[in-house]
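Some notes on the structure that comes next.
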Amino acid sequence: MPFHPRDLGALPAEIAIFPLPGALLLPGGRLPLNIFEPRYLAMMEASLSSGRCLGMIQPDPQAPPGPTGPALYRVGCLGRISSFAETEDGRLLISLTGLARFHVAEELPMRDGYRRIRPDYAPFAADLARPAPSPVLDRTTMLGLLRAYFRAKGIDANWEAIEGMEDGPLVATLAMVCPFEPVEKQALLEAADPTALAETLAAMLRMDSLPGPGQDMRPS
């Protein structure tokens, strides 16, 4: 059965974190991970034996590193390992399902080479709402921006699948899979609610699909 915590008290008070630039996990989204470093294999094995939860967070390149490694953005997302498989060469193939965002309240001592924190979920209690609220979305405009963005980036897409998605999963999936810069990914993560997420996503699609200097501005 899917794991759907209903209140903040059901979420872990201490979590391991996986600092990964450019990786965005949103509540309700699914993030595939290919784990091979020994410290992160140890982290995944510990998580699998104690509730299956861990935090995804991005390093902050604008801040100086600390004693445990690169500085971190202050907001990440708690995920639960919803599926996993071990390969013959010892890697773990993980699917992580987003539960709720958090602020980093405190960093804890490292364990087996991986970093740990005490998260504060309180600012993001609405992430636990079920069913998740849908964004206010101009779907025609969003799909038009997406087509222009994919065209500018040379990305092929399964448009039948995209057009068949409901608004909430569509926005979350696009935010997670589009190859935005890490700072843009962080802005998407920190959007206040699903409608703000949709608006931020639309702005990024519009900006990133603009032609660069010397590029042909004629429609293809």
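Which residue out of Y73, Y114 is within 21 Å of the chain's Cα centre (by Cα), under 22 Å from L188 (Cα atoms) and at pLDDT 95 or above?
The conditions single out Y73.
Just to verify a result, which residue in segment 148-178, among those that are in contact (Cβ under 8 Å) with a residue 40 or more places away in the chain and within 12 Å of the chain's Cα centre (by Cα), is surrounded by the most Cβ atoms within 10 Å (Cβ to Cβ)?
A172
Looking at L137 and the list (1) buried (at least 17 other Cβ atoms within 10 Å of the Cβ); (2) of a type in the set (A, V, I, L, M, F, W, C); (3) part of a helix (DSSP H, G or I); (4) in contact (Cβ under 8 Å) with a residue 60 or more places away in the chain, which single condition is not satisfied?
Failed condition: (3).
Got a sec? Which of R6, R74, R101, R52 is surrounded by 19 or more Cβ atoms within 10 Å (Cβ to Cβ), out of contact with any Ser or Thr (no Cβ under 7 Å at 6 or more places or on another chain) and under 21 Å from L128 (Cβ atoms)? Step through it out loud before you land on a result.
On the way: R6 fails: surrounded by 19 or more Cβ atoms within 10 Å (Cβ to Cβ); R74 fails: surrounded by 19 or more Cβ atoms within 10 Å (Cβ to Cβ); R52 fails: surrounded by 19 or more Cβ atoms within 10 Å (Cβ to Cβ).
Checking each option against the conditions leaves just R101.
Yes or no: segment 59-80 includes at least one residue that is in contact (Cβ under 8 Å) with a residue 12 or more places away in the chain and closer than 14 Å to L41 by Cα.
no
Looking at segment 64-84 only, could you name the residues that are touching a Leu at 6+ places or on another chain (Cβ under 8 Å) and of a type outside the set (F, W, Y)?
V75, G76, C77, L78, G79, R80, I81, S82
Okay, residues lined up against (1) among the small types (G, A, S); (2) closer than 16 Å to G90 by Cα:
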| site | (1), (2) |
| --- | --- |
| A10 | yes, no |
| L31 | no, no |
| N34 | no, yes |
| E37 | no, yes |
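The values are calculated or read from the model by the stated rules, or taken from the named source; none is laboratory data. Quantities reported herein were computed from a predicted structural model and do not represent experimental measurements. Positions of Cβ are generated from backbone atoms using ideal geometry, with glycine treated the same way; all protein chains shown enter the neighbour counts.
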